[in-house]
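Worksheet: one structure, shown below.
Coordinate-derived values only; no laboratory data. All of these numbers come straight from a predicted model, not from anything done at the bench. Note: ideal-geometry Cβ built from the backbone for every residue, glycine included; neighbour counts use all protein chains shown.
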Amino acid sequence: MQRWAYVDGTVLPIEDAKVNVEDRGLQFGDGVYEVIRLYQGVPFTFDRHLARLQRSAAKIRIDFPNLIETAKQVADALIQKSGEIDGALYFQVTRGTAPRNHPFPIPAVSPRLIATLSPLPALTQEQRWSGIAAIVLADERWLHCDIKATDLLPNILARQAAIEQGAEEAILARDFRIVTEGASSNVFIVQSGVLRTHPDGPFILPGITKEVTLECAASLGLQVDQRPFTVEELRAADEIFITNTTHEICPVTQLDGVVVGNGTAGPITRQLQEVFLSRCQQEVSLLSQHA
Ligand code: PMP
């Protein structure tokens, strides 16, 4: 299937989309990004993702006037090309192109918006329940993990280490002690019926799926404790799951080679998955009616 991209004001086949070699995103990872899931051509929690994109850009002092409106128009154009697919919309904002030099360019250059749309099949019930294996690794990242920065080296190395150990995700812990989040996800545990996850702040990305999951938990009347927890508490948890845009709510059924619970999604994880899915379906049918 043809994949489409947007760059410098034009929508074109992804293989024809090019940026200058001196784009600061390429040279320095000097940019921010978002990934948004499309369900039948409808971007889920779109406004929240775009608001986070704008916050991330502002935090690294990229001034992109009308970013949200532009991104919406770009999304419309890409969706029109691809049709009502299940997919992933990717946005990246870089500081723009200038001769390579660390400080911000003088005179200032315009930031660059890049976008792509790729098919991403909806998860099956089997995938939702069977979950993934994870390993625990030291969190070696900087202290601005709330910024969705394109510079993802520590995350990439952690994910690769996980893959090489037969797992999919790396759960990160500061000093191997306090669990922060996954290399590409937020992490939740259930202990004695109480849901725990690291509070937002400099150590984690404020995940949109995390936010929706907490809303689902509230609607179920679950007790939630947003307090950091330790690797020991993680290992002793009744249930573990990760959340992100591509995996939604995904049980961790093996941790460092040890089976978690009974090796499949636990009861609270399943309840949350059910509510999450119905919220998705609701939002998608509402928005497609208004399209
Ligand atoms: N933390 C990190 C480090 C991530 O890369 C992601 C995925 N982008 C998340 C959390 C989850 O964020 P979201 O639910 O908004 O996809």
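A few notes on this one:
Yes/no per residue for (1) of a type in the set (D, E, K, R); (2) under 25 Å from Pro105 (Cα atoms); (3) assigned to a helix (DSSP H, G or I); (4) out of contact with any helix residue (DSSP H, G or I) (no Cβ under 8 Å at 6 or more places or on another chain):
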position: Tyr33; (1), (2), (3), (4): no, yes, no, no
position: Ile36; (1), (2), (3), (4): no, no, no, no
position: Leu50; (1), (2), (3), (4): no, no, yes, no
position: Gln54; (1), (2), (3), (4): no, yes, yes, no
position: Ala57; (1), (2), (3), (4): no, yes, yes, no
position: Ile62; (1), (2), (3), (4): no, yes, no, yes
position: Glu69; (1), (2), (3), (4): yes, no, yes, yes
position: Ala75; (1), (2), (3), (4): no, no, yes, no
position: Ile79; (1), (2), (3), (4): no, no, yes, yes
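- Selection from the range 155-185 of residues that are of a type outside the set (A, V, I, L, M), farther than 17 Å from Arg235 by Cβ and more than 18 Å from the chain's Cα centre (by Cα): Glu164, Gly166
- Within the range 139-161, no residue satisfies the criterion of being crowded, with 17+ Cβ neighbours inside 10 Å, part of a loop (DSSP other than H, G, I, E, B), within 10 Å of the ligand (Cβ to nearest atom) and among the aliphatic types (A, V, I, L, M).
- The residues of the range 218-230 include none that are crowded, with 20+ Cβ neighbours inside 10 Å and either within 15 Å of the ligand (Cβ to nearest atom) or among the acidic types (Asp, Glu) (or both).
- Condition check for Ala57: without any contact (Cβ under 8 Å) to a residue 60 or more places away in the chain and crowded, with 21+ Cβ neighbours inside 10 Å: yes
- The number of residues in the range 235-264 being among the hydrophobic types (A, V, I, L, M, F, W, C) and within 16 Å of the ligand (Cβ to nearest atom) comes to 6.
- So Phe188, is it of a type outside the set (D, E, K, R), more than 16 Å from the ligand (Cβ to nearest atom) and either at positive phi or surrounded by 18 or more Cβ atoms within 10 Å (Cβ to Cβ) (or both): no
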